[in-house]
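Read the figures in this text as sums done on the coordinates, not as results from a lab. No experiment lies behind these values; they were computed from the predicted model shown. Every residue, glycine as well, gets a Cβ built from its backbone with ideal geometry; the counts of neighbours run over all protein chains shown.
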Amino acid sequence: MTMTDHSGYREQSLTGATEARGLEALISRAARADKGPAPVERWNPEFCGDLDMEIKADGTWFYLGTPIGRMPLVQLFSSVLRKDADGRTYLVTPVERVGIRVADAPFIAVEMNVSGTGDGRVITFRTNVGDVVAAGPGHPLRFVDEDATGGLKPYVLVRGRLEALVARPVMYELVEHGEVIDIDGKAIFAVRSGGEVYPIMPAEKLERLSA
């Protein structure tokens, strides 16, 4: 299958690529890793099927059952990711949209930095693919109870609907900056960043877990 993009060149479809390097050649026409994310939210191409690509829970990318070991290639693919209102995640170019599988979140927050205190505190995260985001307006934090283990999974919104799961070592560092805050008359253990407050759990639950 071939198609013509807005510039007039013809190319193989994404779903027809038989190796990661083939995908690289197609996607690099739309975006390059060293130029940041592509404007995928402005593109409205037709759906062209699913791709045998998966982002595992640990952030490792697989294509055709093989891990993608080249970070520049992973960064390139991540620059054309989009999660739509249907809850699915896609690789998007101006002429094509293909579905991929995501086990949890597409990104992992692997490092954090804290500056300021109180209402002036800003918590900044770096993801495994090089995105840097400061939690706050436009990039909220959310905390999800992990029922199977009784643990906690924090996520930070990176762009669009794409989130980064905060890696466990970073999560421990993050909760060290938590404090008990009165929210609507209830004592809540929470963190502040960018002038916003992000609830983690009721203070009484924290006390039970710490006992």
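What FRET efficiency, computed as 1/(1 + (r/R0)^6) with R0 = 45 Å and r the Cβ-Cβ distance, is obtained for Val180 and Lys56, rounded to the nearest 0.05?
The pair Val180/Lys56 has a calculated efficiency of 0.80.
With θ set to phi - 60°, apply the Karplus curve 6.51 cos²θ - 1.76 cosθ + 1.60 along the stretch 58-68 and write out the HN-Hα couplings as whole Hz, x wherever there is a Gly or Pro.
With the stated coefficients, the stretch 58-68 comes to 8, x, 6, 9, 10, 10, 6, x, 10, x, 8 Hz.
Provide the per-residue ³J(HN,Hα) series for the stretch 163-180, in order, calculated from phi with Karplus coefficients 6.51, -1.76, 1.60 and θ = phi - 60°, each as a whole number of Hz, with x at glycine and proline positions.
Calculated HN-Hα couplings, in order: 10, 10, 6, 6, 4, 4, x, 6, 4, 4, 5, 5, 5, 5, 9, x, 8, 7 Hz.
For the stretch 107-210, list log₁₀ I(q)/I(0) at each q in 0.13, 0.17 Å⁻¹, using the Debye formula over Cα point scatterers of equal strength and ignoring solvent, two decimals each.
The calculated log intensity ratios at q = 0.13, 0.17 Å⁻¹ are -0.44, -0.75.
Would you list which aspartates and glutamates come within 13 Å of Lys205, measuring only between C-alpha atoms, while excluding same-chain residues fewer than 8 positions from it?
Those aspartates and glutamates meeting the cut-off are Asp145.
Report ³J(HN,Hα) in whole Hz for each residue of the stretch 102-115, in order, from the Karplus equation J = 6.51 cos²θ - 1.76 cosθ + 1.60 where θ = phi - 60°; Gly and Pro get x.
Once θ is set to phi - 60°, the couplings for the stretch 102-115 become 10, 5, 9, 9, x, 10, 10, 7, 9, 7, 9, 9, 10, 10 Hz.
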